[in-house]
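Chemist: Got a structure here, written out as structure tokens. Questions coming.
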Amino acid sequence: MTAGEPLILYFRAECHLCDQVVEMLDRMAMPWRPVDIDIDAVLSERYGLHVPVLRHPDSGQELFYPFAEADVRRLLERAE
């Protein structure tokens, strides 16, 4: 994954689990970008209450919470 292709974090506002994932990604120095599913009806329908979800931008592979740092690393390795 290059610096121009951050992981996508699907989240909802005021989601404490989402906050935990943000802290983990920042601790890992992992590039990511947030996407609030509540501002997009299609994403809201797709993910509903199943956030946070971390998506690899190239492969489309997703991690549904709960996941740990090791799972994020495996996501990156599988997508290479």
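The values are calculated or read from the model by the stated rules, or taken from the named source; none is laboratory data. As the structure is a computational prediction, the values presented were derived from the model and not from experiment. Only protein heavy atoms, including side chains, enter the accessible area calculation; ligands, DNA and RNA are left aside. Shrake-Rupley method; radii C 1.70, N 1.55, O 1.52, S 1.80 Å.
Chemist: Hey, any idea what Rg/Rh is for the stretch 31-71, computing Rh the Kirkwood way over Cα pairs?
Modeler: Dividing the radius of gyration by the Kirkwood radius yields 0.96.
Chemist: Something else about it: Sequence-distant or interchain residues sharing an amide H contact under 5 Å with W32, placed H: which?
Modeler: L7
Chemist: Report for the chain the percent antiparallel among DSSP-assigned beta bridges with both residues inside it, nearest 5.
Modeler: For the chain, the DSSP antiparallel bridge percentage is about 55.
Chemist: Through the Karplus equation 6.51 cos²θ - 1.76 cosθ + 1.60, θ set to phi - 60°, convert the phi angles of the stretch 50-61 into ³J(HN,Hα) values in whole Hz; use x for Gly and Pro.
Modeler: Each residue of the stretch 50-61 in turn: 8, 10, x, 10, 10, 10, 7, x, 8, 7, x, 5 Hz.
Chemist: Additional query: Once the Cα atoms of helix 69-79 and of the chain are each reduced to a long axis, what angle between those two axes, in degrees from 0 to 90 to the nearest 10, is obtained?
Modeler: 70 degrees
Chemist: Residue by residue, what Karplus-based ³J(HN,Hα) values in Hz, rounded to whole numbers, does the stretch 24-30 have, using 6.51, -1.76 and 1.60 with θ = phi - 60° and x for Gly and Pro?
Modeler: So the J values, rounded to whole Hz, are 5, 5, 5, 4, 7, 6, 8.
Chemist: Using θ = phi - 60° and the Karplus relation 6.51 cos²θ - 1.76 cosθ + 1.60, list the HN-Hα couplings for the stretch 31-46 in order, rounded to whole Hz, with x at every Gly or Pro.
Modeler: x, 8, 9, x, 9, 7, 5, 6, 9, 9, 4, 5, 5, 4, 5, 5
Chemist: Using a 1.4 angstrom probe, figure out how much accessible area the chain has per residue, in square angstrom, rounded to the nearest whole.
Modeler: 61 Å²
Chemist: Taking a quarter of the surface of the Cα convex hull of the chain, what do you get in nm²?
Modeler: The Cα convex hull of the chain, projected and averaged over all directions, gives 4.9 nm².
Chemist: Next up: Can you give the relative contact order of the chain as a percent, counting alpha carbon pairs under 8 Å and 6+ residues apart?
Modeler: 34 percent
Chemist: At a 1.4 Å probe radius, carbon and sulfur cover how many percent of the accessible area of the chain?
Modeler: 52 percent
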